[in-house]
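Peer 1: Can you keep this structure in mind? I'll have questions shortly.
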Amino acid sequence: YNATGNKVAGLSDAETVMTMDPKSYGGRLTRASLRRALGKYEEALADYDVLIAGKAPLMYFNRAITLFCLGRYDEANADILKAIQRWGNDLPSYNWLHVVRVKRGKADDPGYNAIRSSLPNSNYIREIADLYRGRETIEHVETAMKASQADRAQKDNWPCSAKFFLGEYKLAHGD
């Protein structure tokens with residue numbers, strides 16, 4: 001159901017899995033993801049809190065996104081830092097950290113600045129980072145993303161996080 005866009009039916013199935021096996025890691029992870037996708041952030045957060053007990057970096061990352069959606073930027077910042085500590089220099093995590101810090105009016109992490117400076121100027125991730133700091137326009141970002149999408153050498157065109165950043169920015173600025 002989730003793959004076809006029917007997140008409500010997917011959530012219903014995930015709830016069934018959790019009823020049958022309350023300890024199901026996959027069921028809880030799917031339920032958390034679908035709850036977040038449907039805007040049920042508090043419920044998703046409760047699932048991520050259970051999943052995070054294993055200290056998997058991905059769970060810190062996912063919980064950070066959920067906290068961000070709830071406007072709890074300080075907590076999101078802390079979880080992203082935990083993900084980075086466990087994952088190492090991971091560009092998506094640093095991009096989340098950048099966005100959260102912009103929302104809080106804080107300076108970027110030195111690790112982010114180092115990883116960002118290694119990106120070519122035409123990289124859409126760099127464009128998104130500059131958009132949040134007021135150094136780029138939405139048009140620049142969309143142009144860079146379209147160029148990346150057209151590049152067959154790219155393995156991960158228009159990743160989910162890039163779409164989220166751009167969508168979140170547009171929502172925040174009335175676009």
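Peer 1: Can you flag which of Lys106/Lys170; Lys103/Lys146; Lys7/Lys82; Lys40/Lys106; Lys23/Lys163 are past 24 Å Cα-Cα?
Peer 2: Beyond 24 Å: Lys103/Lys146; Lys7/Lys82; Lys40/Lys106; Lys23/Lys163.
Peer 1: Enter the accessible area of Asp13 (Å², nearest 10), with the probe set to 1.4 Å and all protein chains included.
Peer 2: In the full protein context, Asp13 sits at about 80 Å².
The values are calculated or read from the model by the stated rules, or taken from the named source; none is laboratory data. Just so you know, these numbers come straight off a predicted model, no measurement behind them. Quick note on the areas: whole protein, heavy atoms, side chains included, nothing else; ligands and nucleic acids left out. Shrake-Rupley method; radii C 1.70, N 1.55, O 1.52, S 1.80 Å.
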